Amino acid sequence: MRTQIAVVGAGPAGLLLAHLLRLEGLDAVVLETRQREHVLSRIRAGVLEPGTVDVLREAGLGARLDRAGLEHQGFSLRFDGAEHRIALTELTGKSITVYGQQEVVRDLLDAAEPEPWFGVSDVVLHEVTTDRPSVTFTDADGIARTLHCEVIAGCDGFHGVSRNAVPVTCCERAFPYSWLGILAKTPPAHHELIYAHHERGFALHSMRSPELTRLYLQVAPDERLDDWPEDRIWEELVLRLGTACEPGPLVEKGITSMRAFVAEPMRHGRLFLAGDAAHIVPPTGAKGLNLAVADVALLSKALTSLLLHGRDGNALSYSDVRLRAAWRAERFSTEMTEMLHRSADPFEQRLSLARLRRVASSTAAATALAQDYVGSSEGA
Ligand code: RFL
Ligand code: PHB
């Protein structure tokens, strides 16, 4: 088998990259270890920055997003028993769009031509520092195959194999808490997102549609889902959010640990890393999917220049440009995480409240937060 770009991973990064490359007239093949149904059913991110929406629209992926995406002009911070609205649009002129990552993935799979190779295994990258790299894998029918290519895009997420082929320096931080997330068939309790700092821990109210609510609770890293029967989850949400939530049937329930991670560099020879394969941000800042989209928007341009026009300028600067963006997102996501979560350390607890009170009382601080949230700070 032969293609111009072998894309490893059919998450949002890999699927969007393949789509953008095909729009440029390049040939890309996507390899994915999971089955199509699994990829479609993963419930994850929900907040799209305006820059992300622009990329999707320009790529011809805006039809359902424009119909079903929910435009939000602000969100609430709740602490000290009161609510403070961050008026995103008033402060920045921009708004965010609430549209589930699984919807983005569905739009991408509907547009995918050809389909990714689902259910592959034994994926190994070869000769990435030469002009003729390749990927070997076993297909879903158990047949061993070799995909010859000019470039490999490692879009296989945090647990993928691509990063192992790059001599990376990794910076990592684990946070001392996890998120218990649920997706429930019940109308949102409020028309905007609510980030709540409470003495019992952080809680987040988000949504996917007028009928589907997405909710998160800060829990200890060692807690198990069995410790959290549905009644307990709803009681805790009402307490922490300070808002009555109408319980509804759960569509999904899961616990995610919280970590930050950056692999440097994001390129090695003809292998380019993008999305969670290169960096993980704690979800409090809602940046992971947006970073992945911005990575592949630049990477598709870099690969078009390189493979169609023989110009390697963008390919050479890709890693530096995207690492700067990754660290901007780490900085913001870490600050949001530390401001909003409940720490066991009394000094940290008081710092969190001091940070929240500053954002609530200073227009300059609220504007800086709003710019980071919509992705318009420092040329992001
Ligand atoms: P993905 O989505 O992990 O996709 C990687 C794909 O690669 C496959 N794979 C392989 N394929 C071939 N060979 C191998 N050896 C492979 N190993 C793995 C995997 O099966 C998978 O299909 O990475 P990608 O594409 O980089 O996308 C990144 C985003 O998924 C991630 O950043 C976001 O979900 C993060 N995130 C959020 N981001 C936001 O922008 N806004 C949010 O509101 C937001 N909320 C969240 C989040 C992530 C969360 N969790 C579960 C970590 C909320 C949560 C709870
Ligand atoms: C979500 O809707 O899943 C979501 C929203 C905001 C975040 C994280 C996740 O900061």
Picking from His38, Val374, Tyr195, whose Cα lies most toward the positive end of the charge dipole for the chain (charges on Cβ: Lys, Arg +1; Asp, Glu -1)?
Val374
Lysines within cross-link reach of Lys94: Cα-Cα under 26 Å, excluding same-chain residues under 8 positions apart?
Lys287, Lys301
If you take the beta carbon distance between Ala111 and Asp312 as r and set R0 to 25 Å, what does 1/(1 + (r/R0)^6) give as a FRET efficiency, to the nearest 0.05?
0.30
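With loop defined by DSSP as not H, G, I, E or B, and exposure as at most 13 other Cβ atoms within 10 Å, which is the longest segment of the chain clear of exposed GluC sites (Glu not before Pro)? Numbers along the way, then the final one.
Values: sites that count: Glu199, Glu211.
Result, exposed sites excluded: 1-198.
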Write down the Kirkwood hydrodynamic radius of the chain, to one decimal in angstroms, obtained as one divided by the mean of 1/r over all alpha carbon pairs.
21.5 Å
Gain in length, Leu239 to Lys301, computed as 0.36 nm per residue apart minus the alpha-carbon separation, to one decimal in nm?
17.5 nm
Enumerate the helices in the chain for which the Kyte-Doolittle hydropathy averages -1.0 or more and the C-alpha atoms extend at least 20 Å along the helix's axis, using complete DSSP H runs.
288-309, 313-340, 346-361
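When Rg is the radius of gyration of the Cα atoms in segment 242-300 and Rh is its Kirkwood radius, what does Rg/Rh come to?
Looking at segment 242-300, the ratio lands at 1.17.
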Among Ser76, Ser162, Ala63, whose Cα sits farthest toward the positive end of the charge dipole of the chain (+1 at Cβ of Lys/Arg, -1 at Cβ of Asp/Glu, about the Cα centre)?
Ser76
Counting only DSSP beta bridges fully inside the chain, the antiparallel percentage to nearest 5 is 75 percent
Cα centre as origin, Lys/Arg/Asp/Glu Cβ charges: the chain dipole, Debye
560 debye
Top of Leu88, Leu225, Leu65 by mean-square fluctuation, Gaussian network on the chain, Cα under 10 Å:
Leu225
Candidates Ser361, Ser206, Ser76; GNM for the chain (alpha-carbon contacts under 10 Å) flags as most fluctuating Ser361
Using r as the Cβ-Cβ distance of Arg42 and Asn164, and R0 as 25 Å, what FRET efficiency do you calculate, to the nearest 0.05?
0.65
Distance histogram in 10 Å bins (all Cα pairs of segment 1-71, percent per bin):
17, 44, 34, 5, 0
Give me the lysines in straight-line cross-link reach of Lys253: C-alpha distance below 20 Å, same-chain residues under 8 apart excluded.
Lys185
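With r as the distance between the Cβ atoms of Ser121 and Asp80 and R0 = 45 Å, compute the FRET efficiency 1/(1 + (r/R0)^6) and round to 0.05.
Plugging the Cβ-Cβ distance into 1/(1 + (r/R0)^6) gives 0.30.
Size of the dipole of segment 285-380 about the Cα centre, Lys and Arg at +1 and Asp and Glu at -1 on the beta carbon, nothing else charged, in debye to 20?
Approximately 200 debye in magnitude.
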Charge dipole of the chain built from unit charges on the beta carbon (Lys, Arg +1; Asp, Glu -1), centred at mean Cα; most positive-end Cα among Ala140, Gly11, Leu273 is Leu273
The distance between the Cα centres of segment 250-275 and segment 1-78, in whole Å, is 15 Å
So, with points 7 Å from each Cα along the Cβ direction, the Val251-Glu223 label distance in nm works out to 2.3 nm
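Every read-out reported here was derived from the displayed coordinates using simple, explicitly stated rules and does not represent laboratory data. Here the structure is a predicted model, which means the values were calculated and not measured. FYI the Cβ positions are ideal-geometry reconstructions off the backbone, even for glycines, and counts take in every protein chain you see.
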